[in-house]
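Everything below concerns the one structure shown next.
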């Protein structure tokens with residue numbers, strides 16, 4: 001599949017064009033220079049051919065962060081087959097743009113000059129000034145007003161090989177023609193953000209609705225999953241700012257994929273990258289670092305919404321903690337998102353190489369004391385910077401995925417249940433005898449167990465915890481939550 005890189009200086013509309021071409025609001029857009037920092041990759045369909053689209057950070061100079069963004073963007077451009085070099089049509093041609101354009105053109109790549117912000121017919125006159133770039137492949141468009149994009153799409157389509165044609169029998173493929181007009185991120189997310197709320201130090205997501213009994217009691221058979229879905233593991237890397245999430249992503253991939261900087265909040269857009277490992281697909285998502293609510297400003301609000309979406313679609317979370325610094329209450333609140341989304345989990349103690357050796361046992365004990373709600377999650381100590389023990393994390397992910405996806409037969413469950421009941425009988429409720437008839441697993445990822453009984457309200461949370469511990473002793477549920485639902489026999 002051919003790679004198409006969209007590159008250019010900050011604020012020329014690269015991410016907006018990226019969103020148009022993939023036909024969804026994926027990359028965060030704003031007027032703030034440096035909004036895009038990492039290279040985003042998505043598959044797009046140009047008319048009837050597939051291509052991999054790359055959205056890159058702005059080519060700008062300045063601090064360490066911007067220099068790294070530029071380096072990553074140019075690296076993506078050099079590896080691409082087709083380059084869309086974007087410039088701002090409201091300004092004058094920049095010498096730096098011309099220099100870089102000529103350099104890329106000399107490499108023999110298919111390159112087009114995309115002059116954005118040509119918002120009306122009168123502005124078309126400005127287009128003549130950009131012919132000094134010396135190319136016939138010049139397109140004056142307006143992404144925000146959705147003007148004059150057809151010729152650009154046709155040009156891209158002609159550069160893509162026939163081998164990348166979409167077959168007619170494939171369904172649910174979005175064909176890119178003239179992209180539809182849409183709201184910008186700031187307008188779209190305005191309904192979710194409010195500056196009037198007081199800062200109480202907590203991270204807030206919308207509360208998940210309590211599920212109805214009927215959702216858990218369709219029948220007593222395990223919900224079937226597509227084998228391809230089980231073999232594809234979506235892993236969210238979460239944590240507060242500057243704990244080393246992007247460094248961990250790069251170490252897991254074995255290449256520099258995400259911008260790493262000492263600047264807090266370097267990652268804005270969630271970045272996903274897929275690798276194949278032992279016949280499984282591992283998709284890692286590097287999410288934006290989370291802060292206390294009062295410190296979240298500007299585009300970081302949008303980044304948090306993206307992080308929420310990523311967690312809802314993930315199967316597993318790597319909760320990254322900085323072992324070289326004291327843990328914060330914020331670490332616990334972030335880890336709570338794993339429990340909220342019922343994800344498999346691994347606790348990653350990063351920067352272990354610079355943690356004080358005399359404090360190692362103390363650190364591990366504090367993790368278990370602070371994160372009791374993640375008692376099922378294994379802990380791995382590593383250094384993303386030196387790659388110390390990072391290789392062990394791949395195999396640990398596969399093991400946890402097996403536990404998260406496993407099916408326990410009804411007979412096996414009831415053997416454990418019978419032993420548990422013999423050891424500790426259920427207490428009565430208001431003088432009424434509470435009976436458990438049987439247990440059955442009805443869903444995986446995460447494993448969900450239905451307890452069929454005469455009085456579902458009689459399953460006290462302490463007895464539920466007791467049953468959880470007994471099942472964990474009998475089966476390998478390390479790294480995965482185990483969920484129970486009490487129901488009456490015959491409930492639908």
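The values are calculated or read from the model by the stated rules, or taken from the named source; none is laboratory data. Everything numeric here is computed off the predicted structure, so don't read it as measured data. Because the Cβ atoms are built from the backbone with ideal geometry, glycine has one as well, and the counts that use them run over all protein chains shown.
Residues that are at pLDDT below 90 and either in the same structural domain as residue 481 (by TED's automatic domain parsing) or under 13 Å from residue 481 (Cα atoms) (or both) within region 338-364 comprise 339, 340, listed in sequence order. If you go through region 149-183 and keep only what is at pLDDT 50 or above, surrounded by 15 or more Cβ atoms within 10 Å (Cβ to Cβ) and part of a loop (DSSP other than H, G, I, E, B), you end up with 149, 160. Within region 482-492, if we keep just the residues that are over 25 Å from residue 343 (Cβ atoms) and touching a strand residue (DSSP E or B) at 6+ places or on another chain (Cβ under 8 Å), the residue that is surrounded by the fewest Cβ atoms within 10 Å (Cβ to Cβ) turns out to be 489. Among the residues examined, residue 425 does not qualify as crowded, with 18+ Cβ neighbours inside 10 Å and either in a loop (DSSP other than H, G, I, E, B) or free of Cβ contacts under 8 Å to residues at least 40 places away in the same chain (or both).
Filtered by the rule that a residue be crowded, with 17+ Cβ neighbours inside 10 Å and either closer than 13 Å to residue 417 by Cβ or in the same structural domain as residue 340 (by TED's automatic domain parsing) (or both), region 435-463 gives 436, 439, 440, 441, 449, 450, 451, 452, 453, 459, 463. Scanning region 97-118 for residues that are surrounded by 18 or more Cβ atoms within 10 Å (Cβ to Cβ) and free of Cβ contacts under 8 Å to residues at least 40 places away in the same chain returns 101, 104, 105, 111, 113, 115, 118. Looking only at region 370-384, residues that are surrounded by fewer than 17 Cβ atoms within 10 Å (Cβ to Cβ) and not in a strand (DSSP E or B) come to 5 in all. With the structure loaded, tell me whether residue 325 is surrounded by fewer than 22 Cβ atoms within 10 Å (Cβ to Cβ), closer than 16 Å to residue 242 by Cβ and not assigned by TED's automatic domain parsing to the domain that holds residue 472 or whether it fails that test. Taking the combined requirement at face value, the residue satisfies it.
Looking at 400, 296, 379, just one residue is touching a helix residue (DSSP H, G or I) at 6+ places or on another chain (Cβ under 9 Å) and at pLDDT 95 or above, and that residue is 379. Taken over region 444-463, the criterion of being in a loop (DSSP other than H, G, I, E, B) and without any contact (Cβ under 8 Å) to a residue 60 or more places away in the chain is satisfied by 447, 454, 455, 459, 460. Filtered by the rule that a residue be in a loop (DSSP other than H, G, I, E, B) and surrounded by 19 or more Cβ atoms within 10 Å (Cβ to Cβ), region 464-481 gives 477, 479, 480, 481. Kindly establish whether residue 41 is outside any loop (DSSP other than H, G, I, E, B), closer than 30 Å to residue 163 by Cβ and modelled with pLDDT of 60 or more. So residue 41 passes the test.
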